[in-house]
Every structure is written in structure tokens, then in C-alpha cells.
Amino acid sequence: MTITLERLATQDELPSSASVVVIGGGIAGVSAALALAEKNISVVLLEKGHIAGEQSSRNLGWIRKTSRHPEDVPLALAADQLWSQMAERVGSDVGYKQSGIMFLSQTDELLGMHESWLKSVESLSLGSKMLSQKEIDKLVPGGVGQWKGGLYTPTDGKAEPHLAVPAMAKAAIQKGATIVQHCAVRSLVTTAGKISGVLTEKGEIRCEQVLLAGGAWSRRFLGNHGISLPTLPLVCSVLRTAPMDGPTDIAVGGPDFSFRKHQGGGYIITQRGKLDAPVTLDHLLIGHKYLEQLKHQRSFLKVSFGSTFFKDLALGRKWQAGAVSPMEKVRVNNPPVNHGLNQDALNNLSKAWPAFERATIEEAWAGVIDVTPDSNPVIDRIRSIPGLTIATGFSGHGFGTGPAAGQLAADIVMDVKPIIDPTPYKFDRF
């Protein structure tokens, strides 16, 4: 996790009952708990480790509409509205700023893809536009890279993950939610086929509804209940520089780097052209569902086979309801940082913007991304277990839409009019 992440003190005592139990303390689960508490619904959030300990504190902090699937943009638009009100809503700074996001095109092929995306969202009036080299140089000064063009959305933005999720969690508690950390859920409890509670390592909680927002752990948890959720893990390594003078407050994605200004004065940087893909058993079991993605993205994946496979295998995929679960064996998924990829990112960025030649690395981390076959999340009821809803599979771009995703999940749980049409996120689309 990032060293700047605020660690929350929460209660240890497990309530005997609640209307809703949320499993998972990332941004989707926390946002849902906040939304439920604001409606005076009794909600308990259970986190096996600590709030935002995994991908919700390890992401880049981008809040974007740019380059999302067109069907995913309405959720991003709803999230924009929620982010703009978040500091007032939770009574604390979350680092939100509508500073814009830009994607650079180095080839005619990529330029064409950006132009096609822009055309596909024309009706949504996002304010996105194509940029010339001259316009890029004006908005992000000091560069020496040669670009075919750029795609820019001024209304995109950023927030600070280490501030945002803990602030939402504290607000949820203040508004009536109960949060218990270091408490893994071992199993769902059903009566006559319907949710009636959850069995945790600390005992049982009776409830009417469960929201599973377990990130990369959701597939394993659901699999133990006979439900196959298609997600595969990828690992992204990230670095943060020490405070430095840089070119812009706009977040920029290049072909083999990305950067955005951090609230602390440094920059968050990653190798945008590469992700680690350590092979696990799941790659062998459901990899065929990703063949279409692989055709277009194979060059982005650094595939390896080694200790990750055997560690993952040793965790197991089936366990008895009362037995120690895999989530207790690994409280926080903390993959090793690929320092080589981080250095590549910094080197590539320095060639395009020489100001980064003076950068020093203050912190580095890695996080596991749970990717679905179409890179969109699942936010839906599970029909085979009435009372169970899931919000997971955000595929590396869930922080930006997190507040709206949590609200949508809460709406589904409450059976009220949803914040947006949930059709793109149906479980049965797979």
C-alpha cells in the first residue's frame, strides 16, 4: 500500500444483525455503505484487512471519461457529479480537482483509435477534443516528444486515493454505518435458498442482503459458492516522485508512460505500456474468455510463470463454511513491485519531458487489478442466491467511477430507481 494511506480505527465488536452486510472495504464497498447509511439503512461493512488496503489505495487517482467504453460513460458522468460534491458530503478533503486528462498519440493507428472513440461519444457532450502538436506543447510545456496528436477532456480530473476512501469510510461511520476491519467473511448463510446472514471469523451476522465488493478476491469467494465470476489478475507497478517542478497539472497518458501531479508536490508515474501478468490457475481455467482482448493487448502484458502460481494454488478454492478462509491467510494482497518497469516509465517520460530527468523516486508500490473479459465491472444481483448483489471486476479503472458504482450497487440492494441504467454491468452478459 502507499505509505501515505490513512489507517482508520474501527470497532472490533461484531453486531449480531444488520439489514445489509457489505463485504470489502475498497472504494465501491465504502461508497455503497455510505449511501446506505445516508438512507438510514442498517449496514455493516466487513474488511478482511484494512480500509483501502489493496487497489483502492494503489491506483493512479485518475477520474476519467476519456477512452472508456461508451456504455461505461454514464457511470463516469454520474461519478463526476458525486466527486464534485464529495468534500462537502464527507466533511474532509479528498484531493478532487477537475484538472483534465490527455492521451497522446505517437502513431496514425492510435490517433485513429482516439478519433473513433471521440466520434462514438459525440452525443454525450463530454467536451473532449483532438489536439495538435502545438496545442499539446501549450497545455503541457517543456516537452520534446513528437506526437501525431492528442485526445483531451478538460472535465476529467483526479483525487487522492489515500485521502478519499478513508474519508468516505469515516463519513459512513458518522452517518450510522458499522465498519469492522481484520474480519474476513468465510461464507454466506442462506435459509430456504435466500441470504439470511454471513459467517465470519468472528462469528455470524444475520442480514437480509449482502453486497460483495471484494475486488480481486470476489472470484474466489463466489467460486466457493458454485458461482463462476470471470476475472483474471494483472499487476500494475507505480511510483511517486519527491516534490518537483513539473510541466502541468493535467494528467497525461503516453504510449509507455503516464503521469499526474500528486497533492504532495510530486508525480504519480507508471509504465502505461506494460502490466505484469503472472500466470495463475485461473488463467488456465478461463483464459479462453479473454482471447479477443489478447489479440489487441498481448504486447501490453509481461507474462511470467513462477512462485505466484504456486502461492495462489496453495490458498485453495474450496473451504468449509467454518474453516479458515484464503482471505485470512492473505490479509492484504501485496504483490512485489516491478522496479524495472517503473524505471522504464521514468526513463521514457524523461525523454519526452526532460524536467523528469531530475526526479527522484520517493515511493513505489504495486497492486492487483481484477480484469473482466470486456473490461467493464459487474454490478448486479446474483439470481441464483436471492439477496446477494456484487460490485466487482473494475478492471483497473474503478477508482474514478467508484462513488457512482457504490451508489448504483446500493440502489440495487435497496430496490430503488438506479442512479444510471445498470444494463452494461449485468452478470449474465458473460
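Assorted remarks:
- Only one of the listed residues (Val210, Val235, Val252) is under 30 Å from Ser384 (Cα atoms), open to solvent by less than 40 Å² (accessible area, probe 1.4 Å), among the β-branched types (Val, Ile, Thr) and touching a strand residue (DSSP E or B) at 6+ places or on another chain (Cβ under 7 Å). That residue is Val210.
- So Thr155, is it open to solvent by 40 Å² or more (accessible area, probe 1.4 Å) and either in contact with a Phe, Trp or Tyr (Cβ under 7 Å, 6 or more places away or on another chain) or assigned to a strand (DSSP E or B) (or both): no
- Check on Phe300, surrounded by fewer than 17 Cβ atoms within 10 Å (Cβ to Cβ) and at pLDDT 95 or above: no
- Scanning segment 181-205 for residues that are open to solvent by 40 Å² or more (accessible area, probe 1.4 Å) and of a type in the set (Ser, Thr, Tyr) returns Thr190, Thr191.
- In the set Asp276, Asp312, only one residue is free of Cβ contacts under 8 Å to residues at least 40 places away in the same chain, open to solvent by less than 50 Å² (accessible area, probe 1.4 Å) and acidic (Asp, Glu); that residue is Asp312.
- Selection from segment 130-152 of residues that are part of a helix (DSSP H, G or I), among the charged types (D, E, K, R) and in contact with a strand residue (DSSP E or B) (Cβ under 8 Å, 6 or more places away or on another chain): Glu135
- Failed criterion for Thr2 (all others in (1) out of contact with any Lys or Arg (no Cβ under 7 Å at 6 or more places or on another chain); (2) touching a residue at least 40 places away in the same chain (Cβ under 8 Å) hold): (1)
- Residue within segment 333-353 that is under 25 Å from Ala28 (Cβ atoms), basic (Lys, Arg), surrounded by 14 or more Cβ atoms within 10 Å (Cβ to Cβ) and in contact (Cβ under 8 Å) with a residue 60 or more places away in the chain present: no
- Subset tally (residues that are open to solvent by less than 10 Å² (accessible area, probe 1.4 Å) and more than 13 Å from Arg429 (Cα to Cα)) for segment 376-385: 0
- Selection of segment 366-408 for residues being within 15 Å of the chain's Cα centre (by Cα) and among the hydrophobic types (A, V, I, L, M, F, W, C) yields Ala366, Val368, Ile369, Val371, Val378, Ile379, Ile390, Ala391, Phe394, Phe399, Ala404, Ala405.
- Reported count of residues in segment 125-141, each being surrounded by fewer than 20 Cβ atoms within 10 Å (Cβ to Cβ) and under 19 Å from His262 (Cα atoms), is 2.
- A single member of Val210, Val238 is under 19 Å from the mean Cα position of the chain (by Cα), among the hydrophobic types (A, V, I, L, M, F, W, C), outside any helix (DSSP H, G or I) and modelled with pLDDT of 95 or more, and it is Val238.
- Search result, residues across segment 386-430 that are surrounded by fewer than 17 Cβ atoms within 10 Å (Cβ to Cβ) and among the aromatic types (Phe, Trp, Tyr): Phe430
- Meeting the requirement of 2 or more residues that are farther than 25 Å from Gly393 by Cβ, modelled with pLDDT of 95 or more and open to solvent by less than 50 Å² (accessible area, probe 1.4 Å), the strands (runs of 3 or more DSSP E) wholly within segment 9-124 are 101-105.
- Pairs are defined by a Cβ separation below 6 Å, a sequence spacing of at least 6 or placement on different chains, a first member in segment 60-77 that is touching a residue at least 60 places away in the same chain (Cβ under 8 Å), and a second member that is assigned to a loop (DSSP other than H, G, I, E, B) and among the basic types (Lys, Arg); the pairs so defined are Ala76/Lys65; Ala76/Arg68.
- Residue match in segment 359-375 (condition: touching a helix residue (DSSP H, G or I) at 6+ places or on another chain (Cβ under 8 Å), without any contact (Cβ under 8 Å) to a residue 24 or more places away in the chain, of a type outside the set (S, T, N, Q) and open to solvent by less than 40 Å² (accessible area, probe 1.4 Å)): no
- Within segment 114-169, if we keep just the residues that are of a type in the set (Lys, Arg) and free of Cβ contacts under 8 Å to residues at least 60 places away in the same chain, the residue that is nearest to Gly61 (Cα to Cα) turns out to be Lys129.
The values are calculated or read from the model by the stated rules, or taken from the named source; none is laboratory data. The shown structure was predicted, so the numbers you read here are calculated from the model rather than taken from an experiment. Methodologically, a virtual Cβ is constructed for each residue, glycine included, from the backbone with ideal geometry; neighbour enumeration extends over all protein chains shown. Calculation scope for accessible area: heavy atoms of the full protein, side chains included, ligands and nucleic acids excluded. Shrake-Rupley method; radii C 1.70, N 1.55, O 1.52, S 1.80 Å.
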